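> I'd like to ask some things about the structure below.
The values are calculated or read from the model by the stated rules, or taken from the named source; none is laboratory data. What you are looking at is a predicted structure, and each value in this text was computed from that prediction instead of being measured. Here the Cβ positions follow ideal geometry from the backbone for every residue, glycine too, while neighbour counts run over all protein chains shown.
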């Protein structure tokens with residue numbers, strides 16, 4: 001049932017994307033479609049891996065708790081990765097670069 005709802009939402013988004021006249025609207029729809037696909041894919045994996053019954057209130061509560069815990073961990077990992085990338089020395093070996101640039105002269 002949920003997969004049909006997602007397919008209908010994506011179809012409507014694609015139709016709106018084709019009919020959108022302004023770039024701002026098209027970009028918004030593209031971001032929305034990517035978000036829906038991301039949510040559907042990650043939700044399906046979490047439901048399948050944890051054998052969650054989404055037909056009950058307890059199952060929905062369990063899914064919500066697991067999904068948001070997972071999402072917080074992903075955001076924390078992305079923050080850590082970005083912080084480590086920013087703190088890296090991206091200059092490289094300056095003396096080696098100067099030597100290589102003088103070879104071409």
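> Does residue 36 qualify as being modelled with pLDDT of 80 or more, part of a helix (DSSP H, G or I) and surrounded by 12 or more Cβ atoms within 10 Å (Cβ to Cβ)? Can you show your working first?
Values: modelled with pLDDT of 80 or more: yes; part of a helix (DSSP H, G or I): yes; surrounded by 12 or more Cβ atoms within 10 Å (Cβ to Cβ): yes.
Taking the combined requirement at face value, the residue satisfies it.
> Okay, moving on. Every residue in region 33-51 that is within 20 Å of residue 72 (Cα to Cα) and in contact (Cβ under 8 Å) with a residue 12 or more places away in the chain, please.
Scanning region 33-51 gives 36, 37, 40, 42, 43, 46, 47, 50.
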